[in-house]
Structure formats: structure tokens, C-alpha cells
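To start, the structure itself, in C-alpha cells.
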Amino acid sequence: MKSFTLSIVTPDGVQFEGEAEELVVRTIAGDMGIMAGHVNCVTALGMGKALVIADGKKREAACIGGILSVLDGKVSLVPTTFEWADAIDMKRAEDAEQKARHMLDDKEHMTNVEIRMAEARLRRALVRQSVASTVSMH
């Protein structure tokens, strides 16, 4: 299978740099798959699971926010948050879920912005848990 150059860089640093055969990420319009020869494009990232296949090995990660760029065969993934499945702290993700749910139980005392922020925290915690749970399944 043909490969392409993939760079995954977050505010915390380089998460991946090298050749990959496939990348699947959640964009704001839905899931998008990238393989060698993909047309040039730029899109905003949503919140979901990312799949990277490099050297025939699959790795999953929680990928939240940012942008994806494909330019002349080079793919740049610049997410706000990117955590490999095996590095996610499940207890921390569960605690974040409970905290967000607790906040949302008291919506009548929250502003619309606070509600949207709590809902985003809940979605982020659920994505992280979903991705981390796949590690134990492999």
C-alpha cells in the first residue's frame, strides 16, 4: 500500500512524524479518510476518534478540534488535543464525565455559554473513554 507523509502536531509538541498508509479523522462535516494521492484540501476538525495506519499497524487516538491540511501529498494534522489511546487516563476521563454531568444537572443556574462549555467537556470525556476502551479490546 502506498504511503504519504503525515505530521501530527499539537500545542504540546509532535505526536507523529513519518510515513502513513491511512488516516481517518472526524471533521466538522463527519469522518474523513486520507490515503496516498488524496486531493488537496483543508478542513476543521471535530471531536472524535482518529485512526492512523503506519507500517501496517493501527493506532487510535482521541482527536479534538484543530485543522487538517492535505497539500501536494503531505498531510498535516494540527489538533487542539490529540491523545493516543494507550496514553489516556481512564480514571481522569471518567472523573471529567461525572463533573460535567454534575454541572449539567444544575442548568437553571448556568448561562448558555456555561451550558455549552459543560456539554463540550462531557463530549470530550466520552470520546476519550471510548478511544481508551479500544485498547483493552485489542
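The values are calculated or read from the model by the stated rules, or taken from the named source; none is laboratory data. Source: prediction; values computed, not measured. Note: ideal-geometry Cβ built from the backbone for every residue, glycine included; neighbour counts use all protein chains shown. Side chains included, ligands, DNA and RNA excluded: accessible areas come from the protein's heavy atoms. Shrake-Rupley method; radii C 1.70, N 1.55, O 1.52, S 1.80 Å.
If you roll a 1.4 Å probe over the chain with all protein chains in place, what percent of the accessible area is carbon or sulfur? Heavy-atom surface of the chain belonging to carbon and sulfur, 1.4 Å probe: 53 percent.
In order along the range 44-56, phi translates into HN-Hα couplings of 7, 8, x, 10, x, 7, 10, 10, 10, 10, 9, 6, x Hz, rounded to whole numbers, per the Karplus curve 6.51 cos²θ - 1.76 cosθ + 1.60 with θ = phi - 60° and x for Gly and Pro. At a probe radius of 1.4 angstrom, the accessible area of the range 94-138 per residue rounds to 71 square angstrom. Just report the Cα centroid separation between the range 117-134 and the range 1-23, whole Å. Rounded to whole Å, the Cα centres lie 23 Å apart. Considering only S76, A54, N40, the residue lying farthest towards the positive end of the dipole of the chain is N40, judged by Cα position with unit charges set on Cβ.
Over the range 1-78, Cα pairs under 8 Å with separation of 6+ residues give a relative contact order of 32 percent. So, R0 is 35 Å and r is the distance between the beta-carbons of R123 and D72; what FRET efficiency does that work out to, to 0.05? Step by step, r from the Cβ atoms, then E = 0.55.
About its Cα centre, how strong a charge dipole does the range 1-92 have in debye, to the nearest 20, once Lys and Arg get +1 and Asp and Glu get -1 at the Cβ? It would help to have the intermediate numbers written out before the result.
Details: 9 positive and 12 negative charges, 42 e Å.
That gives the range 1-92 a dipole magnitude of about 200 debye.
Compared with the dominant principal axis of the Cα atoms in the chain, helix 90-104 is inclined by about 50°.
Placing R0 at 35 angstrom, the Cβ-Cβ distance between E114 and K2 gives a FRET efficiency of 0.15 after rounding to 0.05.
The angle between the Cα long axis of helix 112-137 and the main principal axis of the chain comes to about 50°, on a 0 to 90 degree scale. Length available on full extension from K57 to V39: 0.36 nm per residue minus the Cα-Cα distance, which gives 4.1 nm.
Subtracting the Cα-Cα distance of S133 and D105 from their residue separation scaled by 0.36 nm leaves 7.5 nm. Over all other residues within a Cβ to Cβ distance under 11 Å of A132, the charged ones net out to -1, with Lys and Arg as +1 and Asp and Glu as -1.
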